[in-house]
Amino acid sequence: MTNAVHFYDPREGHNLPHDPFKAILAPRVIGWIASRSASGHVNLAPYSFFGAFATFPPIIGFCSEGFKDSIRNIEETGEFVWNLTSRELAAAMNQTSAPVAADVDEFELAGLAKAPGRNVNVPHVAAAPAALECKLLQVVRLHDLDGKPMNNWLTLGQVVGVHIRQEYLKDGLFGTHAAQPVMRAGYQADYAQIGEMFQMTRPTA
């Protein structure tokens with residue numbers, strides 16, 4: 001049976017044409033993060049590593065490979081907004097990943113209208129089906145097993161405001177399928193969207 005499994009230790013290399021790590025951990029909702037610097041410059045950037053970590057209170061987080069403008073801005077102001085990337089917004093989201101100067105407004109670069117924050121002084125993508133306003137809890141620089149600091153920065157924020165466009169609410173429920181969130185999947189240029197959905201009920205004790 002060992003021949004049916006390809007095993008590798010990441011420290012020794014995967015011996016494959018491309019690193020499969022991100023392809024295995026897929027699909028992943030995109031962390032499309034808006035922030036504002038202390039001097040007022042607005043930034044909008046997508047992050048591949050993003051997730052939700054708690055419900056009461058709601059906490060979300062993303063990790064940046066490199067100390068980028070988003071991390072610097074959030075440390076300066078203590079605020080950020082996550083924007084849901086719909087299929088219609090995929091091309092604009094991709095455009096905001098361009099390596100531009102810190103004073104370049106990616107909203108303007110991608111032709112995106114801003115909507116003002118309610119509980120934070122950071123705008124969000126007006127066309128996004130949903131957006132989560134967050135206050136910073138902590139920025140953590142990751143370390144490896146040897147205790148060596150990595151060039152990876154985990155940012156955790158508590159959700160303090162939720163924006164949902166009315167067309168995505170039906171009978172009081174948010175329409176995930178209708179919103180068609182875009183997700184990272186596979187390798188560098190691979191993305192996914194929601195196809196068929198199914199339901200399962202949790203077993204009771």
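Exposed loop sites were defined as GluC sites (Glu not before Pro) in DSSP loop states (anything but H, G, I, E or B) carrying at most 10 other C-beta atoms within 10 Å; in the chain the longest segment without such a site runs 13-195.
Ranking Gly78, Pro116, Pro99 by Cα position along the charge dipole of the range 61-125, where only Lys, Arg, Asp and Glu carry charges on their C-beta atoms, puts Pro116 farthest toward the positive end.
Ordered by the count of other Cβ atoms within 10 Å of each Cβ, fewest first, Met200, Met183 give Met200, Met183.
Remark on Val122: its backbone amide H falls under 5 Å from those of Gly117, a criterion applied only to residues 5 or more positions apart or on other chains, H modelled at 1.01 Å from N. Shown for the range 145-185 is the translational diffusion coefficient from the Stokes-Einstein equation, using the Kirkwood radius over Cα pairs, a temperature of 10 °C and a viscosity of 1.306 mPa s: 111 µm²/s.
Given a Förster distance of 22 angstrom, what is the FRET efficiency for Phe56 paired with Asp146, based on the Cβ-Cβ distance and rounded to 0.05? Between Phe56 and Asp146 the formula returns 0.05. Under the rule a/c < 1.5 gives rounded, and otherwise a/b versus b/c splits prolate from oblate, where does the range 72-205 land using the Cα gyration tensor? Because its axes are fairly even, with a/c under 1.5, the range 72-205 counts as rounded. Each Lys and Arg Cβ is given +1 and each Asp and Glu Cβ -1; about its Cα centre, the range 28-181 then shows a dipole of about 260 debye. Legend: calculated FRET efficiency, Glu196 to Leu25, from the Cβ-Cβ distance at R0 = 30 Å, rounded to 0.05, equals 0.90.
Taking all Cα pairs closer than 8 Å and separated by 6 or more residues, the relative contact order of the chain comes to 23 percent.
The numbers here are math on the coordinates, done by the rules we state, and not lab data. Quantities reported herein were computed from a predicted structural model and do not represent experimental measurements. Positions of Cβ are generated from backbone atoms using ideal geometry, with glycine treated the same way; all protein chains shown enter the neighbour counts.
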